[in-house]
Every structure is written in structure tokens, then in C-alpha cells.
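Everything below concerns the one structure shown next.
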Amino acid sequence: MSKFFGFFTSRKTRMVAVLISVFAAMIISTVFVIVQNNRSKTEYINVYEKKQQEYLRQILNQVENLKYSGKSDEEVVEYLYTKAETSGANWLFIIKGDDVIMARDVKTLSGIKPEERKREIFLRSISEADYVMVSRDEVFNGFTYTFGAVTDREYALDQGEMLVHEIYIYIAFAVIIMASIMAILWLTSRLNRVETRLHKVRKTLKEQNEKLDNLESMKNDQVEVVDEKAFKYNKTFHEVAIIETFLKKSDDVKLRPLSIITCKILMENRYYKRDEIFDAIECIRKYADKKTIIGEIRKGFFIVLLYKTDENYARHKLKTFDDELASYMQDKDMNYELKLYEDKPDMRPLERYYEIMNG
């Protein structure tokens, strides 16, 4: 051990010993930063998986409603292809029993060989790729379905700006390492210079002492002294899954009466762009208060939930909406249909909603 520290105390070997120590410390620090970054990525992916689980739960709510309304597998798949928020790096799949019936998009599914559209092979291909996957099994009409959400790992990390974060960490780490190396080398070289000067001073003092000894007997001799120096429209219109979630949680009697108004833009022989439709519904939205929730069930068909609103006030709201829409659409050559559905105390809000939708 004393021999090891001798490399740092010797002026001839100190710089080499410091450089080797700095290089070893830099390797250890780099490994530590890489491990920490990988741990941070793993923690973020775990959080992202929970977010994907919530997203998958919303998808399942929509599928459940579609199945209860009698939709076939093909109709469910078509609905998800067109309505679900997916992309090339973030997509859905469905496995019915042992067969894959939905994967990313129609082109992707058709490109998979029939023998590879089996559960085990398909799931193994996903697990072998660099994907983040969450899945859940559900049973409909006696069949077991596996619903899954798949995200490219790099895309998921990019969503959380983890890659940018990692670059910043490496840049900061490199700056700190360079600054530390420069500081250590500067201190080491300064220590070597001081030690060299001290060695010269000692040598000079020794020479002076020898000179004093030689001149000790001379009275007028003088000795010289040695000196040292040192993120179109505001997202106010909720999707159907969100509306149904609200209704599921609306059983509290304190929220009643719950009146419902539906507004349908009549397409007839015209095709209206979404901007035109939302411009019209803005006439309703601007009169919404804290007890009002507006949702888009499908294109051109909206629902207004009026919580804690009795029949008289609901009719007043209906008239207000009707006057505003009539005034707006008169110049736009657009037609609409407004309907008020009063609360039924003996029915749950979600049941009342399904009754209106299926009526």
C-alpha cells in the first residue's frame, strides 16, 4: 500500500499515477451513468405501460359497448381501425382464441402468412422485437379475446423525451469529467511546480548554510535572503368512451335529475366538414356551465348531459340551444334536430343513455 501511495508522493511518477486514477474514475463514473440511465428508462417504461393499460381499458370499454350492441368481430375491428388513436409506432392487436384477427392495420394483417397468424407465433414475434406491449384477456359470447397495445420502445422513450434527457445527461457528464480532469491536472502540475521550487529553496538554503559555516568567523559578511512566490378546437367535446365513463359514475342521487339533450346535424344530401359541424355546436358549447358535459357520439351527433337540472330548466336550455342554432344555421343552409330526454329516476344514467341511443 505504501508503495502504491509512493507513486502519488513522488514528483516523477505523480502525474502518471493521477492520469491513471482519473481514467479509472472516468470509466467507473461512465458505467454508473449508463446504469442509472438504463434504470431511468426502465422506470419510465413501467410508467408508460401503466398509461397504456389505461388506454387499453378505454379501448375495451368501447369494444364492450360495441359487443353489447350486437356488433360482429369484423365491425369491431373496422371501428378500431378507423376510430382508435394509433400510428405506425403505436398500434393495437386482437387475438380471438388462437387466431389473430387484427394487427396494426389491414395491410399489415394481410401481409402476415396464415400459419403465422397464430397466438404463440404472433406474440413471440412481438416479444422478440424492441416493443413495449400490454395485453388483457376478455370473454365475449363464450370466446376468449386477447386485446393488446404495442408501442415501439424508441417511440415510447421519445414520448417522454427520455432520449433528449439522456443526451443532456451525457453532455453534462462529459463537461463535468473534462472540468474535473483539467482541475486535477492543474492542481497536480501546480503541486509539482511548488515541490520543484521547494526543492530549489532547500538546495539554496543548504548552500547558504554551508556558506555561513565558512563565513562564521567574519564579522561584516551578509547573507542573501531567498524569496518564494505562490401542444383546431379546444377539446371540449368528449369521446363516447369518456361520456359512458361519466354515466357509469353518475349513480349518486346528488347528481340527479340528469336531463339529456341530443343534437344531430342532418347531413341529407350534403357533406359537412368537421370544422363546419364544430362551428355549429359551438353555439351550444358557449352556454355550457359546470353542470354540463358535451360529447361527440359520432360525426354530427352530439349529446349534452345536464346534471342537477330539473325539467323546467332543461326546457329552458333546450330553447336557448334551439334559438342559437336556428340563428346560426339559417345563413349556412344547415339543418339540425334537437331532442330533450327527461330524467327517469328509476333508471341508472347509463341504462337511460343506452335506451336513448337504441331508441
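The values are calculated or read from the model by the stated rules, or taken from the named source; none is laboratory data. Computed from a prediction, not measured in an experiment: that's the story for all the values here. As a convention, Cβ positions derive from the backbone with ideal geometry for all residues, glycine included, and neighbour counts pool all protein chains shown. We work out accessible area using only protein heavy atoms, side chains counted, and drop any ligands, DNA or RNA first. Shrake-Rupley method; radii C 1.70, N 1.55, O 1.52, S 1.80 Å.
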To the nearest 10 square angstrom, what accessible area does Leu318 show with a 1.4 Å probe?
-> 40
Neighbour-limited loop hits for trypsin sites (Lys or Arg not before Pro), the stretch 254-299 (at most 14 other Cβ within 10 Å; DSSP other than H, G, I, E, B) | Arg270, Lys273, Lys286, Lys290, Lys291, Lys299
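What pairs in Lys96/Lys308; Lys96/Lys264; Lys50/Lys118; Lys118/Lys299 have C-alpha atoms more than 31 Å from each other? Let's see the in-between values first.
Working: Lys96/Lys308 43 Å; Lys96/Lys264 36 Å; Lys50/Lys118 27 Å; Lys118/Lys299 36 Å.
From Lys96/Lys308; Lys96/Lys264; Lys50/Lys118; Lys118/Lys299, over 31 Å: Lys96/Lys308; Lys96/Lys264; Lys118/Lys299.
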DSSP-assigned coil residues among GluC sites (Glu not before Pro) in the stretch 263-312, each with at most 12 further Cβ atoms within 10 Å = Glu268
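Given contacts defined as C-alpha pairs under 8 Å and at least six residues apart, what's the relative contact order of the stretch 263-325, whole-number percent? Please list the in-between numbers first.
Numbers: 44 pairs, mean separation 23.4, N = 63.
Value for the stretch 263-325: 37 percent.
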Going 7 Å from the Cα of Met267 in the Cα-to-Cβ direction, what parts of the stretch 286-302 have a backbone nitrogen less than 13 Å from that spot?
-> 298-301
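Hand me the trypsin sites (Lys or Arg not before Pro) from the stretch 48-113 located in a DSSP loop with no more than 13 other Cβ atoms within 10 Å, in residue order please. Walk me through the intermediate numbers first.
Details: sites: Lys50, Lys51, Arg57, Lys67, Lys71, Lys83, Lys96, Arg104, Lys107; in loops: Lys71, Arg104.
Sites meeting the loop and neighbour criteria: none at all.
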